[in-house]
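The values are calculated or read from the model by the stated rules, or taken from the named source; none is laboratory data. The model shown is predicted, which means the values in this text are computed figures rather than measured ones. Note that each Cβ is placed from the backbone with ideal geometry, even for glycine, and that neighbours are counted across all protein chains shown. Note: accessible area is taken over every heavy atom of the protein model, side chains too, but ligands, DNA and RNA are not part of it. Shrake-Rupley method; radii C 1.70, N 1.55, O 1.52, S 1.80 Å.
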Amino acid sequence: MIKVGLTGGMGSGKSTVSRRFAGYGALIVDADAIAREIVEPGQPALAELSERFGDDILNEDGSLNRAGLAAKAFTTAEDTAALNAITHPRIAERTAERFAQAGAADIVIHDMPLLIENGLTEDCDIVVVVHAPEDIRVQRLAEARGVDEDDARRRIAAQIDDEARFAAADVILDNSGSEEALLAQVDDLWNGRLLPMRDAVI
């Protein structure tokens with residue numbers, strides 16, 4: 001198994017890269033998707049969150065009101081720690097389950113925004129960072145997700161900076177141009193580097 005750490009800031013185009021890898025048959029372990037799964041109705045984490053933060057973090061249908069949870073969970077360091085204590089172990093467990101499903105011939109993409117911040121790069125065979133200048137990322141977030149420009153810049157500023165990402169990267173994919181140009185880089189990486197890495201260990 002070849003484990004690829006895939007990361008990048010908000011609006012960098014990481015999801016586009018992940019979809020291309022999936023199209024090649026890579027096994028995708030999506031940290032954001034797992035984080036959503038463990039708080040779905042019926043999951044123990046959702047019940048614990050409701051008990052800790054109150055029933056008003058739930059929508060009428062019993063699903064999680066993410067904005068409501070955020071308003072309570074990020075108020076104090078103690079509240080944030082409580083949130084993390086409930087969710088992080090389950091995210092780690094679910095992630096480990098996904099990796100355990102991989103076979104020796106699989107290329108596994110760990111799609112994780114906080115890969116570097118959480119100190120997980122050493123566990124990867126190769127770290128891929130998707131990069132685009134901040135102004136381009138802000139524009140994409142506004143157009144694709146309707147994110148307010150000031151909000152987008154605040155959220156980007158709260159993440160680690162480009163220099164830290166570059167320092168951790170084995171490969172940097174430049175997404176300052178067209179989607180076609182980005183996908184061409186992904187194709188080159190898959191065929192020129194990842195497949196040879198995989199073939200060398202099976």
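Residues in the stretch 24-39 that are among the acidic types (Asp, Glu) and either surrounded by 19 or more Cβ atoms within 10 Å (Cβ to Cβ) or touching a Ser or Thr at 6+ places or on another chain (Cβ under 8 Å) (or both): 1 in all.
Only residues that are open to solvent by 80 Å² or more (accessible area, probe 1.4 Å), out of contact with any Ser or Thr (no Cβ under 8 Å at 6 or more places or on another chain) and among the charged types (D, E, K, R) were counted in the stretch 166-183, giving 2. What number goes with the only condition from (1) out of contact with any helix residue (DSSP H, G or I) (no Cβ under 8 Å at 6 or more places or on another chain); (2) part of a loop (DSSP other than H, G, I, E, B) that ALA105 does not pass? Going through (1) out of contact with any helix residue (DSSP H, G or I) (no Cβ under 8 Å at 6 or more places or on another chain); (2) part of a loop (DSSP other than H, G, I, E, B) one by one, ALA105 breaks only (1). Going through (1) crowded, with 18+ Cβ neighbours inside 10 Å; (2) outside any strand (DSSP E or B) one by one, ALA200 falls short only on (1). Looking across the stretch 103-120, just one residue is surrounded by fewer than 16 Cβ atoms within 10 Å (Cβ to Cβ) and either among the polar types (S, T, N, Q) or touching a strand residue (DSSP E or B) at 6+ places or on another chain (Cβ under 6 Å) (or both), and that is ASN118. The residue list GLU122, GLU117, GLU93 contains one member that is closer than 19 Å to ALA33 by Cβ and part of a helix (DSSP H, G or I), which is GLU93. Looking at the stretch 8-23, can you tell me whether even one residue there is over 14 Å from the mean Cα position of the chain (by Cα) and surrounded by 22 or more Cβ atoms within 10 Å (Cβ to Cβ)? Yes, that holds for at least one residue. Of all the listed residues (ASP56, ASP135, ASP79), the sole one being assigned to a helix (DSSP H, G or I), open to solvent by 70 Å² or more (accessible area, probe 1.4 Å) and in contact with a Lys or Arg (Cβ under 9 Å, 6 or more places away or on another chain) is ASP56.
I need every pair where a residue in the stretch 173-188 that is outside any helix (DSSP H, G or I) has its Cβ under 8 Å from the Cβ of a residue that is open to solvent by 50 Å² or more (accessible area, probe 1.4 Å), sequence separation at least 6 or different chains. Short answer, once both residue conditions are applied: LEU173/GLN185; ASP174/GLN185; SER176/PRO133.
Checking the stated criteria, ILE107 turns out not to satisfy the condition of being of a type in the set (Val, Ile, Thr) and touching an Asp or Glu at 6+ places or on another chain (Cβ under 6 Å).
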